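Comments concern the structure below.
The values are calculated or read from the model by the stated rules, or taken from the named source; none is laboratory data. Remember, predicted model here, so these are calculated numbers, not experimental data. Here the Cβ is made from the backbone with ideal geometry for all residues, glycine too, and neighbour counts use every protein chain on show.
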Amino acid sequence: MRLVREDETGRREARIVELEAYGGPEDLASHARFGSTTRNRVMAGPPGIAYVYLVYGMYDCLNVVTEPDGRPSAVLIRAVEPLVGIERMRADRLTVDRRRRAARTGPGAAAAKRRLDATPDHRLATGPGLVAAAFGVDTAWTGIDLCDPGGPLRLERDPAAPLDTVSPERIAVGPRVGVAYAGEDWAGRPWRFSIAGHRSVSRPNPGSG
DNA sequence: ACAACGATCAACT
DNA sequence: GTTGATCGTTGTC
């Protein structure tokens, strides 16, 4: 599927190339393990809704609620390949990089700009925090319907390809990133999926089976 | 009320 | 391979 943001200022579009699945209360790596809370309450609602949260006090992460109403679950979008509106993605990336260096002016901001200028288009959104940054999405977007064809942020089917275009052997499968705290059982589950060898994937993913 | 901790990223060595 | 930045959420007192 493609991630699209469209409003009066323009259109951004990118191919989703990497994601992770997070299950119900029994999944010790999922925010659903806390039960329903103020932050995660949309996880237990109907599917197709955006769940955006802040990690490490710095980065926003965009999730799509998946299973039916009443079963808390979501898929984290970890990386996308920019296709349309790339300059706007760069502009919003810089805003976020600057927030990270909020206390600094001059050298810090200039260095961030130089790094971004040196980043090729296909590496603009190679990580969940970078996906949200490139699309200008933050926690205020939680709850919006990603399946509304007229919505400002939405999922669209690739116009040139049906859903099952990526054959199973082209999908790399591996453990989810950054969830060691969940214990071996849950951290070890192969619930991270990416397009094998795709240059916009956040980092190498073992086991392309 | 308060302390601890992340579904990260980039700059270090 | 290691570490700092930075703050809302969660669990404890």
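General remarks:
- Complete set of residues in segment A:146-183 that are small (Gly, Ala, Ser) and more than 17 Å from A:ILE77 (Cβ to Cβ): A:GLY150, A:ALA160, A:ALA161, A:SER167, A:ALA180, A:ALA182, A:GLY183
- Residue in segment A:158-165 that is in a loop (DSSP other than H, G, I, E, B) and in contact (Cβ under 8 Å) with a residue 40 or more places away in the chain present: yes
- For segment A:32-69, a residue qualifies if it is over 17 Å from A:PRO152 (Cα atoms) and of a type in the set (Ser, Thr, Tyr), and the qualifying residues are A:SER36, A:THR37, A:THR38, A:TYR53, A:TYR56, A:TYR59, A:THR66.
- Some residue of segment A:11-21 being within 12 Å of DNA strand C (Cβ to nearest atom) and over 29 Å from A:ALA111 (Cβ atoms): no
- The residues in segment A:114-138 that are more than 12 Å from the chain's Cα centre (by Cα) and within 10 Å of DNA strand B (Cβ to nearest atom) can be counted, and the count is 7.
- Any strands (runs of 3 or more DSSP E) falling wholly within segment A:1-86 and containing at least 2 residues that are surrounded by fewer than 19 Cβ atoms within 10 Å (Cβ to Cβ) and touching a residue at least 12 places away in the same chain (Cβ under 8 Å): A:2-7, A:10-22, A:50-55, A:74-84
- Any pair with Cβ under 7 angstrom, 6 or more apart, that starts in segment A:99-124 at a residue that is within 14 Å of DNA strand C (Cβ to nearest atom) and ends at one that is assigned to a helix (DSSP H, G or I) and at pLDDT below 70: A:ALA109/A:ARG98; A:ALA112/A:ARG98
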